[in-house]
Amino acid sequence: MAQALGIDIGGTGIKGAIVDTTTGELLSERLKLPTPDGGEPDAIVQTVIELIAQLGDGTKGLPVGVTFPAIVKNGRTMSAANVSSKWIGLEAEKLFENALGREIHFINDADAAGIAEARYGAAKGVAGLVLLTTLGTGIGSALIYNGVLIPNAELGHIQIGGKDAEKRASYAAKEREHLSWKSWADRLQKYYTHLEFLFSPDLFIVGGGVSKSYQEFLPLLKLNTPIVPATLRNNAGILGAAELAVSK
Ligand code: BGC
């Protein structure tokens, strides 16, 4: 059995758990702390330290994977849609390593979810192009071709009707604008139709916390591509981070 600590930093919450990366099962409780308002680097790092402390002694010596809701290139965060702009260009991987006093493996949150779905979930064994989107505070995306991740796809920021897609169609947009499932599904329809035209995927996977309510909105979508909920729901980021930490 291989174990790792997975930490999933999102625009709204920071989650963590100890994972058995052989089976994809959680070996500890899954803890969640709110992402500090403003999403400043120091405050987020402190919250991660607090989360690891709360997970207890079982985390000691384990490989650590950390996800972040931004472009992650060579250990630097290169964008900041739902966190402080101070992250842009920051050597974030080093920042976490120095603060935690241990090596980490650092990856975009949706890419981590993609790795997890490919290894343990809905993308497992699927040939061709799988396009995973996470509908949360923003829209994250992962492209997986024949099981291999193509990193840093930022398909939450394609323009639909002249507007950033995630501003219109994320789960946060549904909440912010008090949209019914039907009104939100109308926006998702436009979004996924456009992605389908651009990429001709073989499978869409829909993740994020709202994917547990998939029956409310997925049946309303009319697409040529099969669209299924993420098997791992909102744990995919934690699992993908842990898997990355063990496999790298
Ligand atoms: C960010 C992505 C991230 C997604 C989900 C988007 O706003 O640009 O990097 O994966 O939100 O958190």
Notebook entry, point to check: In debye to the nearest 20, how big a dipole does the chain give about its Cα centre with +1 on each Lys and Arg Cβ and -1 on each Asp and Glu Cβ?
Noted result: 520 debye
Checklist line | Cleavage-rule hits (GluC sites (Glu not before Pro)) in region 1-51: DSSP loop, at most 15 neighbouring Cβ within 10 angstrom | finding: E29
Next item on the list: Report the trypsin sites (Lys or Arg not before Pro) located in region 126-224 that are in a DSSP loop and have at most 14 other Cβ atoms inside 10 Å of their Cβ, or state none.
Entry: K222
Notebook entry, point to check: In the chain, what % of DSSP beta bridges are antiparallel (nearest 5)?
Noted result: 65 percent
Next item on the list: Quick one: what are the phi-derived ³J(HN,Hα) couplings along region 18-27, Karplus 6.51/-1.76/1.60 with θ = phi - 60°, whole Hz, x for glycine and proline?
Entry: 8, 10, 8, 7, 6, 9, x, 9, 7, 9
Item checked: Most positive-pole-ward Cα, V64, G101, S79, against dipole of the chain from beta carbon charges -> S79
Check: Heavy-atom accessible area per residue, the chain, 1.4 Å probe: how many Å²?
Finding: 44 Å²
Item checked: Extension gain from N146 to Q54, taking 0.36 nm per residue of separation minus the Cα-Cα distance -> 29.3 nm
Checklist line | Debye, to nearest 20: dipole size of region 125-230, +1 on Lys, Arg Cβ, -1 on Asp, Glu Cβ | finding: 260 debye
Margin query: Treating only the Cβ of Lys, Arg, Asp and Glu as charged (+1, +1, -1, -1), what charge dipole size does region 19-153 show about its Cα centre? Round to the nearest 20 debye.
Written below: 300 debye
Margin query: Leaving out ligands, DNA and RNA, and with a 1.4 Å probe, what % of the accessible surface on the chain is carbon or sulfur?
Written below: 51 percent
Checklist line | Solvent exposure, largest accessible area first (probe 1.4 Å, DNA, RNA and ligands not counted), of S84, S213 | finding: S213, S84
Notebook entry, point to check: If you line up the long axis of helix 181-199 against the longest principal axis of the chain, both from Cα atoms, how many degrees apart are they, to the nearest 10?
Noted result: 90 degrees
Next item on the list: Among F217, W181, L149, pick out the residue whose Cα is farthest towards the positive end of the charge dipole of region 125-230, where Lys and Arg carry +1 and Asp and Glu carry -1 on C-beta, about the Cα centre.
Entry: W181
Next item on the list: Apply the Debye scattering formula to the chain, with a single equal point scatterer on each alpha-carbon and no solvent, then give log10 I(q)/I(0) at q = 0.07, 0.09, 0.17 Å⁻¹.
Entry: -0.21, -0.35, -1.26
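The values are calculated or read from the model by the stated rules, or taken from the named source; none is laboratory data. Since the model is a prediction, treat every value here as computed from it, not as a measurement. So basically every Cβ, Gly included, is an ideal-geometry build from the backbone, and we count neighbours across all protein chains shown. When the accessible area is computed, the model is the full protein with side chains, heavy atoms only, and any ligands, DNA or RNA have been set aside. Shrake-Rupley method; radii C 1.70, N 1.55, O 1.52, S 1.80 Å.
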